[in-house]
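Working notes, beginning with the structure itself.
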Amino acid sequence: MICYKHNKKKLTNIQMLRAFAAIHVVILHVLAVANVYHFSTFDTSSPIQNWGKCGVDIFFVISGFIMVYVQYYKKYSPTKFIVNRFIRILPLYWVLTAAVIGMHIFMPNAFLQTHFSINWALNSLFLTSQFLEKQRPMLFDAWTLEFEMVFYLLFAAALIIPKMRFSFIATALLIITLVITRQASLMLEFLFGMIVAVISLYKEPSVRVTFCVFLLGVILLLASAIFQLEQINRVILWGMPAALLVFGLVNLPQYKNALLRKLGDASYSIYLFQVFAYLLFYKALTYMHAPQRFDVVYMVLCTLFSIFLGYCVYFFVELRLTHFIFNVRKNLGKMSGSASDRVID
């Protein structure tokens, strides 16, 4: 039996977890860039500094959860599902990647360690860089989107099977096949999220059990800060605690905080645009010959600057792009006699 609360309440806890994950990754990269520009003495190889990487694992688990959760209620066809995913992911990514390509062509001195090529640009645009070029995409942080896209394609393929439970099993088998063939162990984190969704949809756990699971996830995630990534596979180190966190936050009472919810809504833009924000910030400090003794202040300001610009990109670019594309899609649907669904999850 499905939990009644899921039919009535928006999962605001998950939006806040998205905000946490995005900010976590931003802090990680700000620390690293501060070192590159000699505005920090932090050891970038320390476990605590690397701990920021767990934000990516949280995103992957959330994606696995959301796809099953949304599909359970919406019942999208494979085509409609993958088109919705493309509209959600690609427009903003293409805009920002085009900006990076333009910078490579017209401002090549802005890049210290990369060399532009047409193949790299094309593979970046189509999110195949790591699989065909064996390197990160031109928009460096977008490497995670390539894993996301693989998951979406696998999930869409599994939706060809009519019954939801069989689609779930098919997706799980496809992911496990990838892992067994040593293509990408990170794909397991999407599977963790799918399992959390199935458990949450079909069984209502007690508040006590839910809180204990959530608390265990918090403890394990905090404890992971003392381990080197090389010591333990990140799927175990961060993926499993992330799954426990998602389970707890889905099934606990939903907390409402307008600021965190808005940051969660903007998490995709914050994540993608951060590279422009923190590089601009530290290049400006270098140009102004800012004193290095205020390094901690700079890092805090840079983090806030990155979050602010990311939210601006969300509000002024991502939302408008998405609405424009769905309006075009709706009008085309009317012309062909069928209106398209404008809801994007």
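The values are calculated or read from the model by the stated rules, or taken from the named source; none is laboratory data. Just so it is clear, the model here is predicted, and its values are computed rather than measured. Methodologically, a virtual Cβ is constructed for each residue, glycine included, from the backbone with ideal geometry; neighbour enumeration extends over all protein chains shown.
Return only the number of the condition from (1) surrounded by 20 or more Cβ atoms within 10 Å (Cβ to Cβ); (2) at pLDDT below 95; (3) among the aromatic types (Phe, Trp, Tyr) that Phe106 does not satisfy.
Of everything listed in (1) surrounded by 20 or more Cβ atoms within 10 Å (Cβ to Cβ); (2) at pLDDT below 95; (3) among the aromatic types (Phe, Trp, Tyr), Phe106 misses just condition (1).
When the residues of the range 141-185 are narrowed to those that are among the polar types (S, T, N, Q) and crowded, with 18+ Cβ neighbours inside 10 Å, which ends up nearest to Tyr271 (Cα to Cα)?
Going through the qualifying residues, I end up with Thr144.
One residue is enough: does the range 230-241 have a residue meeting the conditions acidic (Asp, Glu) and either farther than 17 Å from Asn50 by Cα or assigned to a helix (DSSP H, G or I) (or both)? Walk me through how you get there before you give the answer.
At the first step, the residues of the range 230-241 found to be acidic (Asp, Glu) are 230.
In the following step, the residues that additionally are either farther than 17 Å from Asn50 by Cα or assigned to a helix (DSSP H, G or I) (or both) were identified as none.
No, the range 230-241 has no match at all.
When residues of the range 144-171 are filtered for being more than 21 Å from Ile199 (Cα to Cα) and not hydrophobic (A, V, I, L, M, F, W, C), how many remain?
The total comes to 3.
Quick grid of which residues meet (1) surrounded by fewer than 19 Cβ atoms within 10 Å (Cβ to Cβ); (2) more than 24 Å from the chain's Cα centre (by Cα); (3) without any contact (Cβ under 8 Å) to a residue 24 or more places away in the chain; (4) not in a helix (DSSP H, G or I):
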| residue | (1), (2), (3), (4) |
| --- | --- |
| Tyr255 | yes, no, no, yes |
| Leu263 | no, no, no, no |
| Ile270 | no, no, no, no |
| Ala290 | yes, yes, no, yes |
| Leu304 | yes, no, yes, no |
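Okay, residues lined up against (1) touching an Asp or Glu at 6+ places or on another chain (Cβ under 8 Å); (2) outside any helix (DSSP H, G or I):
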{"residue": "Phe131", "(1), (2)": "yes, no"}
{"residue": "Gln135", "(1), (2)": "no, yes"}
{"residue": "Ala142", "(1), (2)": "no, no"}
{"residue": "Met149", "(1), (2)": "no, no"}
{"residue": "Ile176", "(1), (2)": "no, no"}
{"residue": "Ser185", "(1), (2)": "no, yes"}
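Residue check, Ala223 against (1) surrounded by fewer than 18 Cβ atoms within 10 Å (Cβ to Cβ); (2) among the small types (Gly, Ala, Ser); (3) under 12 Å from Gly64 (Cβ atoms), all met but one. Which one?
It is condition (3) that Ala223 fails.
If we keep just the residues of the range 201-229 that are within 29 Å of Met164 (Cβ to Cβ) and part of a loop (DSSP other than H, G, I, E, B), which is modelled with the highest pLDDT?
Ser206
With the condition kept exactly as written, say whether any residue in the range 58-77 is at pLDDT below 90 and of a type in the set (Gly, Ala, Ser).
no
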